[in-house]
Amino acid sequence: MTIDPLFDFSGKVALVTGGSRGLGYHMAKALAARGADVIIASRKIEACEAVASEIRSMGRQALPYAAHIGRWAECDALINAAYNTFGRVDLLINNAGMSPACPSHEVTESLFESVMNLNFKGPFRLASQIGHRMAEGNGGAILNISSIASQRATPGAVPYAGAKAALNAMTVSLSQEYAPKVRVNAICAGAFLTDIAQAWSPEQRESQPVALGRPGQPEEIVTAALMLLSPASSYTTGVVLGVDGGRR
């Protein structure tokens, strides 16, 4: 493909968590198609290796790495593997997450901690450690994948909504802490037809209460991600951007 100079990531190294499927997969592939080498992290190494193989077939380097992002020791091991392999990380996408539906009065301590760990604790560790290295080096960009649940009432998913609200707050704060060399932004994603949609009703997979009236296709998050990560967006930081079909 001919690369638009506004979205040229040639020579960049990107780390994408939850990069083996769903939104993360499409963002990882889009970055590779535009010149980036990619580290694909998720819990299952086989899934990471499959995506890495696709990326290598595009002429880019790829590192598959199995890690539970909710555990700091595994986050640190992932960071070390990335820097040992490529020497740096220019782009970080904190995409890994989980959103189990459960009535609030039935949420166990274990479930609460699992949701918070994967959606906030791990992304904080990655963003803080990599962001610091970026600030000490040649800079970079961090993109946190949040959710519209963080900004509107979401019965039955309160721990998830709270974790994503914390991710939004982290985005704005880190954008100040690691400025001016590091930009930190977030996308508040709406309903997308990823693996999670298998648990939805047929009606939910066809229709959503948003202006566009439907859920999004995973590839429809790509343009927003590329814009926020692109060096051409060098004056954009601390933004929490809704990509949600126009929520009502």
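The values are calculated or read from the model by the stated rules, or taken from the named source; none is laboratory data. Given the structure is predicted, the values throughout are model-derived calculations rather than measurements. A quick note on method: Cβ atoms are made from the backbone with ideal geometry, for glycine too, and the neighbour counts reach across all protein chains shown.
Answer with yes or no whether Ala50 is farther than 18 Å from Ser20 by Cβ, surrounded by fewer than 20 Cβ atoms within 10 Å (Cβ to Cβ) and in contact (Cβ under 8 Å) with a residue 12 or more places away in the chain. Criteria not met by Ala50. Within segment 68-82, no residue that is modelled with pLDDT under 95 sits with its Cβ atom under 7 Å from a residue that is surrounded by fewer than 16 Cβ atoms within 10 Å (Cβ to Cβ) and basic (Lys, Arg) at 6+ positions apart or across chains.
Across segment 37-50, the number of residues qualifying as under 16 Å from the mean Cα position of the chain (by Cα) and not hydroxyl-bearing (Ser, Thr, Tyr) comes to 6. When the test is whether a residue is touching a Phe, Trp or Tyr at 6+ places or on another chain (Cβ under 7 Å) and at pLDDT 95 or above, Arg88 does not pass it. Annotation: Val240 fulfils all but one of (1) surrounded by 16 or more Cβ atoms within 10 Å (Cβ to Cβ); (2) of a type in the set (A, V, I, L, M, F, W, C); (3) out of contact with any helix residue (DSSP H, G or I) (no Cβ under 9 Å at 6 or more places or on another chain); the unmet one is (3). Of all residues in segment 189-199, which are outside any helix (DSSP H, G or I) and either within 15 Å of the chain's Cα centre (by Cα) or of a type in the set (Gly, Ala, Ser) (or both)? Within segment 189-199, Ala189, Gly190, Ala191, Phe192, Thr194 qualify.
Collect the residues in segment 200-248 that are of a type in the set (Gly, Ala, Ser), in contact (Cβ under 8 Å) with a residue 40 or more places away in the chain and either at positive phi or not in a loop (DSSP other than H, G, I, E, B) (or both), keeping them in residue-number order.
Taking segment 200-248 and keeping what is of a type in the set (Gly, Ala, Ser), we get 201, 207, 211, 213, 216, 224-225, 230, 232-234, 238, 242, 245-246.
Then drop every residue that is not in contact (Cβ under 8 Å) with a residue 40 or more places away in the chain, which leaves 225, 230, 232-234, 238, 242, 245.
Across segment 200-248, the qualifying residues are Ala225, Ala232, Ser233, Gly238, Gly242, Gly245.
Checking the stated criteria, Ala161 turns out not to satisfy the condition of being surrounded by 14 or more Cβ atoms within 10 Å (Cβ to Cβ), of a type in the set (A, V, I, L, M, F, W, C), under 30 Å from Pro5 (Cα atoms) and at pLDDT 95 or above. Residue count for segment 78-88, restricted to those that are more than 21 Å from Asn119 (Cα to Cα) and either touching a Ser or Thr at 6+ places or on another chain (Cβ under 9 Å) or of a type in the set (Val, Ile, Thr) (or both): 1.
Give segment 135-160 a look and list any residue that's more than 18 Å from Ile69 (Cα to Cα), of a type in the set (A, V, I, L, M, F, W, C) and touching a residue at least 12 places away in the same chain (Cβ under 8 Å), or say none.
Ala135, Ala141, Ile148, Ala149, Ala157, Val158
Of everything in segment 23-36, what is crowded, with 23+ Cβ neighbours inside 10 Å and not hydroxyl-bearing (Ser, Thr, Tyr)? Give them in sequence order. Outline the logic, then answer.
At the first step, the residues of segment 23-36 found to be crowded, with 23+ Cβ neighbours inside 10 Å are 23-25, 27-28, 31-32, 36.
Across segment 23-36, the qualifying residues are Leu23, Gly24, Met27, Ala28, Leu31, Ala32, Ala36.
Taken over segment 155-186, the residue count meeting the criterion of being under 17 Å from Leu118 (Cβ atoms), outside any helix (DSSP H, G or I) and more than 15 Å from the chain's Cα centre (by Cα) is 1.
Within the set Gly70, Gly22, Gly18, the sole residue that is on the phi > 0 side of the Ramachandran plot and touching a Gly at 6+ places or on another chain (Cβ under 7 Å) turns out to be Gly18. In segment 196-204 there is at least one residue matching the filter, namely being touching a helix residue (DSSP H, G or I) at 6+ places or on another chain (Cβ under 8 Å), closer than 21 Å to Pro100 by Cβ and of a type in the set (Gly, Ala, Ser).
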